[in-house]
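Working notes for the structure below.
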Amino acid sequence: GNEHRKFIPTNVYPTRDGYVFLAIGSDVQWRRLTAIPKFACVANEVRATNEGRHAEREAIHRDMAAVTAGHTADEILADLRAATIPATRILDIRQVRELPQLRDRLTRTTMPDGRVVHMQPMAVDLDGARTELPFAPKYGADTGRVLAEAGYSTHEVDALRSDGVIA
């Protein structure tokens, strides 16, 4: 999951319009979090230390989610950033695709019906690398040709196909 096993609360929490991830890695950050008016309700004496927060981890996650679910991600992030607490919005696939850092690096292919499908960027950046990739052939479409190139006769390929050995 997204929960940190030692530093609490460090996790993903729901908002009215998505999710946010925040990380509390110290008692100082916890005090800054609970000084934010909307998060004051998650504070108590036990939770003042990370050891205490560890003991109440499940309750803290419930309490944090109850707070964040009542606000938009932008509202939560504005408060957390003002308190210098590490936090970010969780993006869905569409939002990730639209990031300026990725948008022009995505690969794509054209489906047989003409639809363009955007896919992940190449694993490494190479000057001149293709970003338009051919659509993969149907399963087994090239089997006969490949086996013929390997020296199989049409009769042998047909026998393999009828025996269910190849597609």
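Summary of computed values
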item	result
Test: residue in region 120-135 that is outside any loop (DSSP other than H, G, I, E, B) and either touching a residue at least 60 places away in the same chain (Cβ under 8 Å) or closer than 30 Å to T10 by Cβ (or both)	yes
Filter result (surrounded by 10 or more Cβ atoms within 10 Å (Cβ to Cβ) and part of a loop (DSSP other than H, G, I, E, B)) within region 99-115	L99, R105
Boolean, A65 is surrounded by 14 or more Cβ atoms within 10 Å (Cβ to Cβ), of a type in the set (G, A, S) and without any contact (Cβ under 8 Å) to a residue 40 or more places away in the chain	no
Test for I8: is it among the β-branched types (V, I, T), more than 18 Å from R81 (Cβ to Cβ) and in a helix (DSSP H, G or I)	no
Subset of region 116-131 [surrounded by fewer than 11 Cβ atoms within 10 Å (Cβ to Cβ) and out of contact with any Lys or Arg (no Cβ under 6 Å at 6 or more places or on another chain)]	A123, V124, D125, L126, D127, G128, R130
Enumeration of residues in region 48-76 that are over 15 Å from K6 (Cβ atoms) and of a type in the set (D, E, K, R)	E58, R62, D63, D74, E75
Residue, surrounded by the most Cβ atoms within 10 Å (Cβ to Cβ), within region 78-98, restricted to residues that are part of a helix (DSSP H, G or I) and of a type outside the set (K, R)	L80
Subset of region 30-62 [surrounded by 13 or more Cβ atoms within 10 Å (Cβ to Cβ), among the small types (G, A, S) and more than 27 Å from the chain's Cα centre (by Cα)]	A43, A48, G52, A55
Of the criteria (1) part of a helix (DSSP H, G or I); (2) in contact (Cβ under 8 Å) with a residue 40 or more places away in the chain; (3) in contact with a Ser or Thr (Cβ under 8 Å, 6 or more places away or on another chain), which one K38 fails	(3)
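We did not get these values from a lab; they are worked out from the coordinates using the rules stated. On a predicted model such as this, the values are computed, not experimentally measured, just so you know. All Cβ positions, glycine included, derive from the backbone under ideal geometry; neighbour counts span all protein chains shown.
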